[in-house]
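Laboratory data are not the source of any read-out in this text; all were calculated from the coordinates shown. Bear in mind that the values here come from a model prediction, so they are computed numbers and not experimental data. Neighbour counts are summed over all protein chains in view; Cβ atoms, including those assigned to glycine, are modelled from backbone coordinates with ideal geometry.
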Amino acid sequence: MPESQEDIDALLAEVNALADEAVAEIVGDETTDDDAAVAVSQAEPPRRADHAPTDQPTAATPPAAPTPPRSYTNLDRLLHLKVPIIVQLARRTMPLSEIIGLSTGAIIEFEKPADSDLDLIINNKCIGQGQAVKVTENFGLRVTRIGSLQSRIRAMGQ
């Protein structure tokens, strides 16, 4: 079932937030007061003042099955989305008059060396580079440089 653009945008925003949190944990950034407040609110549910403790025994209730947090469910949905990947050889601009004049056999020259790496593009943003390889009878890309996880996620969301 295709997701709506609003759903995808919301999920990407959530993934960006999760990526920021993961990077902060790896780097060892200090938590902010807002983060501490969220952690405290998640650790202990608020107590209701209208229920005073009673001495009556309570019936033992079996623990409820743990439900995955909503953010992980959304993250799982997002991670299963298929996005187009573009491998770009080179790019240039040409006057429209030259484009109209193209014919079979015409050669368009680019200012990129023939042995340079190809660009790996997601959402019109370069996230890495690599070398062209042959995989059986198909074309492939051996990734030689790739951006950080955070930069790759941001490239998909913008």
For THR93 and VAL133, compute 0.36 nm times the residue count separating them, minus their Cα-Cα distance, and round to one decimal in nm. 11.7 nm
Just to be sure I understand the model, the point goes 7 Å from the Cα along the line to the Cβ. What's the resulting ALA17 to VAL83 distance in nm? 1.9 nm
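Once the piece of chain linking GLN150 and LEU75 is laid out straight, how much longer is it, given 0.36 nm per residue of separation minus the C-alpha distance between them? Could the numbers behind the result be given before it?
Values: separation 75, 0.36 × 75 = 27.00 nm, distance 1.47 nm.
Taking 0.36 nm per residue and subtracting the Cα distance, the gain is 25.5 nm.
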Give the long-range amide H neighbours of LEU141: residues separated by 5 or more places, or on another chain, with amide H under 5 Å away, using H modelled in the peptide plane at 1.01 Å from N. VAL133
Calculate one ³J(HN,Hα) per residue across the range 131-146 by plugging θ = phi - 60° into the Karplus curve 6.51 cos²θ - 1.76 cosθ + 1.60, and present them in order as whole Hz with x for glycine and proline. 10, 5, 9, 9, 10, 6, 9, 10, 8, x, 9, 8, 6, 9, 9, 9
Pop out the ³J(HN,Hα) list for the range 112-128 in order, Karplus 6.51 cos²θ - 1.76 cosθ + 1.60 with θ = phi - 60°, rounded to Hz; leave Gly and Pro as x. 9, x, 5, 9, 7, 5, 8, 8, 9, 10, 10, 6, 6, 10, 6, 10, x
